[in-house]
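Reviewing the structure listed below.
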Amino acid sequence: MPAIEQIPFLDLREVNASYGEELTAAIVRVTERGHYVRGPEGEAFEDDYARFIGCRSAVGVGNGFDALHLIFQAYLSLGRLRPGDEVLVPACTHMATILAVKQSGLRPVPVEPDTDSFLMNPSHAEKQLTSNTKAMVVVHLYGQKAIDQRVLDLARIHKLLLIEDNAQAAGCGKPGERTGSLGDAAAHSFYPTKNLGALGDGGAVTTRDPELAQLVRALGNYGSVERDQFQWPGFNSRLDELQAAVLRVKLKRLDLDNERRQTLAARYLAEIKNPQVVLPTVVRDHVWHLFVIRHEKRDQFREALAVQGIGTMVHYPVPPHRQLALADWSKLSLPITEEIHRTVISLPLNTALTDHQQEKIIRAVNQVQV
Ligand SMILES: *Cc1c(COP(=O)(O)O)cnc(C)c1O
């Protein structure tokens with residue numbers, strides 16, 4: 001019997017090999033220049049990325065978590081937020097979103113998502129408002145734009161700072177209306193698996209507010225603007241030169257990469273016809289960081305696909321309010337969030353996936369009955 005062809009959920013080596021010599025050349029250039037932190041690559045990437053997102057300022061930082069954390073710390077320093085203020089956050093998101101609020105001394109307040117799109121539901125958000133609510137974090141979950149006019153109106157009417165967690169949606173939307181340029185400030189992650197992935201950790205803050213950008217930059221450099229002068233109690237969170245050089249190469253192809261993701265997603269949507277499978281709901285621009293389907297018997301379905309050599313993942317199996325780290329949320333009942341976490345499964349969707357591999361996945365998904 002021939003061995004079953006294995007299709008990994010994501011092969012990062014393949015993804016990065018596709019950039020070829022240009023990526024290697026960038027690494028050699030930085031190595032030979034001898035300038036490794038806060039240098040010309042970082043500056044050039046910040047300019048490129050600000051232009052790409054359509055925002056006045058981009059500041060390179062250490063990772064996506066720090067990007068969020070620095071935004072909150074900067075608003076606290078500016079007096080736009082005060083310790084203990086309530087911040088609306090999606091109940092259904094990566095733990096990092098919620099931890100960043102908490103670690104900044106603010107109070108995260110979970111908001112149940114829309115049942116179908118899993119995105120921020122402004123009606124649910126409105127019910128959680130109190131006189132202490134001062135900000136709202138919106139996550140472009142799985143790569144789909146989570147902001148529409150209703151979300152913008154809610155923030156404006158209630159004078160909430162609108163902060164985008166754009167970790168999963170780099171490049172989402174047309175130029176001029178991209179995610180990351182829609183709120184007051186946005187956090188970006190360049191973790192290797194993200195749509196714009198570095199060869200290690202990386203992140204950025206984008207904003208149209210130059211004062212905020214300057215403060216984020218200072219706080220991520222020990223609170224220092226001028227050498228040996230420390231104006232704020234900051235910490236260290238910087239995008240290094242190697243990662244910036246890698247990101248400059250990969251940014252040039254990001255729109256094309258996202259188009260490929262959209263083509264793959266369109267094919268899944270058209271050709272998956274298993275009545276047990278619920279396909280993702282698309283309501284707005286989407287760059288398909290993840291292709292997430294639902295199945296009543298998720299674990300058995302995953303196992304059956306694994307037997308056929310197909311790697312899948314679950315984003316995410318345990319909801320934030322069921323994590324030990326958020327013990328004060330353990331009594332909460334968030335049925336929409338719980339149902340999503342119980343049933344979701346992510347199929348392979350990345351720029352290294354071939355048409356032939358996708359065909360095999362679709363055939364298997366359509367065949368498996370559990
Ligand atoms: C990945 C991710 C983060 C954290 O980014 P890191 O670079 O890993 O710190 C935050 N929010 C969301 C939604 C993410 O997917």
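In nanometres, what is the gap between the two model label sites at residue 149 and residue 259, each 7 Å from Cα along Cα-to-Cβ?
Spacing of the two 7 Å Cα→Cβ label points: 3.0 nm.
What are the membrane-span-like helices in the chain by this rule: whole DSSP H runs, Cα extent along the axis at least 24 Å, mean Kyte-Doolittle hydropathy at least 0.0?
none
Once you put a point 7 Å from the Cα of residue 307 and another 7 Å from the Cα of residue 12, both along the Cβ direction, what distance in nm separates them?
In this crude spin-label approximation the distance works out to 3.2 nm.
Using 1/(1 + (r/R0)^6) with R0 = 22 angstrom and r between the beta carbons of residue 47 and residue 230, what's the FRET efficiency to the nearest 0.05?
Rounded to the nearest 0.05, the efficiency is 0.25.
Helix-derived [θ] at 222 nm for the chain: sum -39500 (n - 2.57) over DSSP H runs of at least 4, divide by residue count, nearest 500?
-11500 deg cm²/dmol
Evaluate the relative contact order of the chain (contact order divided by residue number), counting alpha-carbon pairs under 8 angstrom at least 6 apart; express in whole percent.
Reported relative contact order: 22 percent.
Set the Förster distance to 45 Å, then compute FRET efficiency between residue 174 and residue 3 from the Cβ-Cβ distance, nearest 0.05.
After rounding to 0.05, the efficiency reads 0.50.
Full-extension gain between residue 356 and residue 300, please, as 0.36 nm times their residue separation minus the C-alpha to C-alpha distance.
Full extension of this stretch gives 17.7 nm more.
For region 120-227, report the translational diffusion coefficient in µm²/s to the nearest whole number, using Stokes-Einstein at 37 °C, 0.692 mPa s, and a Kirkwood Rh over Cα pairs.
Translational D for this selection: 219 µm²/s.
Please compute, for the alpha-carbon atoms of the chain, the extent along each of the three principal axes and give them in descending order in Å.
Reported extents, whole Å, longest axis first: 69, 55, 37.
Which entries in 273/297; 159/250; 194/360; 250/273 show an alpha-carbon gap greater than 28 Å?
Over 28 Å apart, Cα to Cα: 159/250; 250/273.
Return the whole-Å distance between the Cα centroid of region 133-151 and the Cα centroid of region 25-54.
30
Where a ≥ b ≥ c are the square roots of the eigenvalues of the C-alpha gyration tensor, would you call region 250-369 rounded, which needs a/c under 1.5, or, failing that, prolate if a/b is larger than b/c, or oblate?
oblate
Based on the mean of other Cβ atoms within 10 Å per residue, sort peptides 49-60, 305-316 so the most packed one is first.
Output ranking for 49-60, 305-316: 49-60, 305-316.
Over region 46-123, what relative contact order in percent results from Cα pairs under 8 Å that are six or more residues apart?
Relative CO of region 46-123 lands at 24 percent.
Residue separation times 0.36 nm, minus the C-alpha to C-alpha distance between residue 82 and residue 19: what's the value?
Difference between extended and current length: 18.2 nm.
Between residue 131 and residue 316, what is 0.36 nm times their sequence separation minus the Cα-Cα distance? Round to one decimal in nm.
That works out to 63.4 nm of additional length.
Students often get this wrong: which residues of region 240-273 have the backbone nitrogen under 17 Å from the point 7 angstrom along Cα-to-C-beta of residue 28?
242, 245-246, 249
Readers should treat all values here as calculations from the given coordinates under stated rules, not as data from a laboratory. Model, not experiment: these values are computed from the prediction. So basically every Cβ, Gly included, is an ideal-geometry build from the backbone, and we count neighbours across all protein chains shown.
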